[in-house]
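A short worksheet on the structure shown next.
The values are calculated or read from the model by the stated rules, or taken from the named source; none is laboratory data. All values derive from a computational prediction rather than experimental measurement. No Cβ is skipped: glycine too gets one built from the backbone with ideal geometry, and neighbour counts run over all protein chains shown. Remember, those area values only see protein heavy atoms, side chains included, never the ligands or the DNA or RNA. Shrake-Rupley method; radii C 1.70, N 1.55, O 1.52, S 1.80 Å.
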Amino acid sequence: MKRDDRRQQILDALVRDGAVQLDELAETFGVSKMTIHRDFDDLEGEGLLRRTRGGATIEPGSQFESDFRFRNLQGHDLKERMARSALEWVEQGMTVMVNDGSTAAVLGSLLPEKRPLTVVTNNDAVMEQLKSEPGITVLALGGRYSAKYNAWVGRVTEETLATLRADIAFISTPAAGDGHVYHMDDDITRTKRRMMDAATRSVLLINHLRFDHTALHVLAPFSEFSAVITDAQPSESARAQIESVETELVIAE
């Protein structure tokens with residue numbers, strides 16, 4: 001098997017299972033463990049996986065988030081449930097901010113149901129979905145394109161956000177714990193923060209498995225969100241942290 005084909009199959013397995021084991025891959029492909037080590041090294045260098053003891057994963061870590069292309073292929077039903085719950089916070093005529101992320105992209109695809117709207121976004125997938133929709137005015141935030149997040153980030157993005165105001169901002173995150181929301185990328189964190197500052201209220205979208213985790217950068221405490229929308233009951237500690245600051249917890253069932 002060619003190297004590129006083997007590495008594509010490794011990525012396919014990561015999308016399917018979330019993690020892979022070095023020993024199993026070496027046996028499956030009939031190659032040495034050193035060959036798989038080199039595959040891991042190259043894929044890690046491209047930001048496509050995170051090395052673990054004896055294997056690799058695309059699950060987030062304190063300084064790692066998987067590529068948008070992978071996240072976009074995972075858990076669509078769960079994301080749609082959360083997006084449907086988020087849609088209930090949107091009213092016709094609003095100005096809505098939508099951040100980066102695959103769950104936010106699903107929400108973007110549903111927003112025409114609430115037209116007319118003005119949608120401000122740095123999420124390239126949302127821009128593509130909405131740019132030709134009648135009744136939807138899209139303010140596409142420019143800046144520096146990040147392929148990893150399929151989003152526009154950086155100084156230009158942040159400066160533009162400083163000149164805008166919105167009724168509501170939908171913010172997604174890969175980590176929340178100890179009463180706060182986190183992200184592992186500084187550019188992404190700053191853009192989310194600017195969106196929150198520009199909106200009258202903010203709503204958090206988070207997979208329940210992302211509770212009780214931290215990442216490198218603090219975004220905001222739970223108290224700055226009007227609601228936290230998730231796909232299943234979080235842990236008791238996470239629930240207590242949210243309810244203690246009187247933020248609404250919404251389970252998208």
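Which residue, chosen from PRO221, LEU161, HIS183, occupies the Cα position most advanced towards the positive end of the dipole of the chain, where the dipole is computed from +1 (Lys, Arg) and -1 (Asp, Glu) charges on Cβ about the Cα centre?
Of PRO221, LEU161, HIS183, it is LEU161.
If you take every DSSP beta bridge fully contained in the chain, what fraction is antiparallel? Give it as a percent rounded to 5.
So the antiparallel bridges in the chain amount to around 40 percent.
In bins 5 Å wide, starting from 0, what share of all Cα pairs of segment 154-240 does each bin hold, as a percent?
Going out from 0 Å in 5 Å bins, segment 154-240 shows 3, 15, 26, 24, 17, 9, 3, 1, 0 percent.
Quick check: with the 1.4 Å probe, what order do LYS131, LYS79 take by accessible area, largest first?
These residues rank, largest area first, as LYS131, LYS79.
Can you give me the Cα centroid spacing of segment 204-253 and segment 104-129 in angstrom?
Comparing the Cα centres of segment 204-253 and segment 104-129, I get a distance of 23 Å.
Multiplying the sequence separation of GLU133 and GLU243 by 0.36 nm and subtracting their Cα-Cα distance, what value in nm do you get?
35.8 nm
Of GLN241, GLN92, GLN129, which is the most mobile in a GNM of the chain whose springs link Cα atoms less than 10 angstrom apart?
Highest fluctuation of the listed residues: GLN92.
Label points 7 Å out from Cα along the Cβ direction at ARG38 and GLU236: separation in nm?
According to this spin-label approximation, the distance is 5.2 nm.
Once every DSSP H run of n ≥ 4 in the chain is given -39500 (n - 2.57) and the sum is divided by its residues, what mean residue ellipticity at 222 nm do you get, rounded to the nearest 500 deg cm²/dmol?
-11000 deg cm²/dmol
If I ignore ligands, DNA and RNA and count only protein heavy atoms, how much of MET34 is accessible to a 1.4 Å probe, in Å² to the nearest 10?
110
So, with a 1.4 angstrom probe, what is the percent of accessible area on segment 148-242 that is carbon and sulfur?
For segment 148-242, the apolar C and S fraction of the accessible surface comes to 49 percent.
Which shape class, rounded, prolate or oblate, goes with segment 207-253 when its Cα gyration tensor gives a ≥ b ≥ c as root eigenvalues, a/c under 1.5 marks rounded, and past that a/b bigger than b/c marks prolate?
oblate
How many lysine pairs does the chain hold where the Cα atoms are under 28 Å apart and the two sit 8 or more places apart or on different chains?
Lysine pair count for the chain: 12.
Hey, can you find the accessible area per residue of the chain for me, probe 1.4 Å, expressed in square angstrom?
Result: 46 Å² per residue.
With angles folded into 0 to 90 degrees, how steeply does helix 186-198 sit against the dominant principal axis of the chain? Use alpha carbons for both and round to 10.
Result, in degrees: 10.
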